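Single-structure report; data block below.
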Amino acid sequence: MTNIRKVAEMAGVSVATVSRTLKSPDIVSPGTREKVLSAVEQAGYRPNLMAVQFRSQKTRNLVVLVPTIANTFFARVISGIQDAASQHGYAVLLCNTLGDELAERDYAEMVTNRQADGVIQLRAFNPFEEAAAHPPIMVNACEVMDDAPCPRVYLDNRAAARVMTEHLLELGHRRIGMIKGPRQSPLTRDRVQGFRDALAAANIELDESLLCPGDFTLESGYRAAIALVEARERPTAIFCENDEMAIGAIQCIKEQGLRVPDDISVAGFDDIAFARYCDPPLTTISQPAEDFGHEAVALLLGLMDGGVQRDARRVMPFKLVTRDSTGQVPS
């Protein structure tokens, strides 16, 4: 106790306040938290973490299940998660699952085994499904399940895709191709539906041959663009369901001797950092990736403390960002 008393004296607070700050920093006022953490650093105090965890019944660990860390959008979400978790005294155990359901179930078991306090799942799969009798301590963000038994953080992808398609229609495009995401993804389903909604509202019949499969990678955007560019009646615009596929498509179009947007307009989705720096800068849908992470952590901690209900929902905002990759339909 000598060390913790020294910290309390240096911070001008009680030993109990120091203990509470180290155990649950989120319930301490920012001013007090800053004083205590500063004193901890000055004193070189290192609490016995095993003892703290035993008393609090918390591990201070959060498991994050991400389909792939190679995806730029997910990287930004993870950054937001780490930032928010750190502010509340939690560590993040990042699990790059590559969509492996067995791996996700194994990682989720860390909560059941008290190696972690909760899970943030970034894809539409419930790793606790077989243990439905015990509601999971989990938040589902980004790619969400329709029937998730937990709080969700998501974008209205259908509405966002409709807005982008309407932008292309306003530029005079009528033959618009779409490069889709993975077939099983609810993001793909909702963005395709928003695309269809906009075309239907404009009384334009969709040519199903203009819907090309992709998987959210640069390579898939490039490959799909080949099929669209080589079509007997090629589209005047291509809407890609994420920015990486759009960048791949632009590269393909250029290699075919065509110009963007003079010959074919290209639009993306996500507004990743590369979007504004590719050639030409990419028109896209911007969504607040880091805020997805912040909200997911806030909901998870609230769920753990009983302040958030399992049916809680956070619908994140989006914005159409117009740049030089889209233009008027070629005459």
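The values are calculated or read from the model by the stated rules, or taken from the named source; none is laboratory data. Quick caveat: nothing in here was measured; it's all calculated off a predicted structure. We place every Cβ from the backbone using ideal geometry, glycine too, and count neighbours over all the protein chains shown. In case anyone asks, the SASA skips ligands and DNA or RNA and just uses the protein heavy atoms, side chains included. Shrake-Rupley method; radii C 1.70, N 1.55, O 1.52, S 1.80 Å.
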- Between region 252-308 and region 81-131, the alpha-carbon center distance in angstrom: 24
- In nm, spacing of pseudo-spin labels at residue 96 and residue 113 (7 Å Cα→C-beta vector): 2.2
- Enter the angle in degrees (range 0 to 90, nearest 10) between the Cα long axis of helix 72-87 and the first principal axis of the Cα atoms of the chain, meaning the one along which they spread out most. 20
- Mind checking the angle between helix 2-11 and the chain's longest principal axis? C-alpha axes, 0 to 90 degrees, to the nearest 10. 70
- Item | Correct option for P(r) over Cα pairs in 20 Å bins from 0, in percent [calculated from the coordinates] among (i) 32, 58, 10; (ii) 30, 45, 22, 4, 0; (iii) 26, 46, 24, 3, 0 | (ii)
- Rounded to whole Hz and in sequence order, give me ³J(HN,Hα) for region 252-264 from the Karplus expression 6.51 cos²θ - 1.76 cosθ + 1.60, θ = phi - 60°, writing x for Gly and Pro. 4, 4, 5, 5, 7, x, 9, 10, 10, x, 4, 9, 9
- Ordered by residue, what ³J(HN,Hα) values in Hz, to whole numbers, does region 102-111 give under the Karplus form 6.51 cos²θ - 1.76 cosθ + 1.60, where θ = phi - 60° and Gly and Pro are x? 5, 5, 5, 5, 4, 5, 5, 4, 4, 6
- Sparse-neighbour loop sites [GluC sites (Glu not before Pro); region 177-257; at most 13 other C-beta within 10 Å; DSSP]: 205, 230, 233
- Query: Using a basic spin-label model with each label point 7 Å from the Cα along Cα→Cβ, how many nm lie between residue 9 and residue 146?
  - Reply: 6.5
- Each residue of region 313-323 in order: what ³J(HN,Hα) in whole Hz does its phi give by Karplus 6.51 cos²θ - 1.76 cosθ + 1.60, θ = phi - 60°, with x for Gly and Pro? 9, 10, 9, 7, x, 9, 8, 6, 10, 9, 10
- Carbon and sulfur together cover what percent of the accessible area of region 157-286 at a 1.4 Å probe radius? 47
- Note on the structure: For the chain, the longest principal axis of the Cα atoms and the Cα long axis of helix 218-229 enclose an angle in degrees, to the nearest 10, of 20
- Item | Dipole of the chain, positive end: most advanced residue of 168, 328, 119 [Cβ charges, Cα centre] | 119
- Taking only C-alpha pairs under 8 Å that are 6+ residues apart, what is the relative contact order of the chain in percent? 17
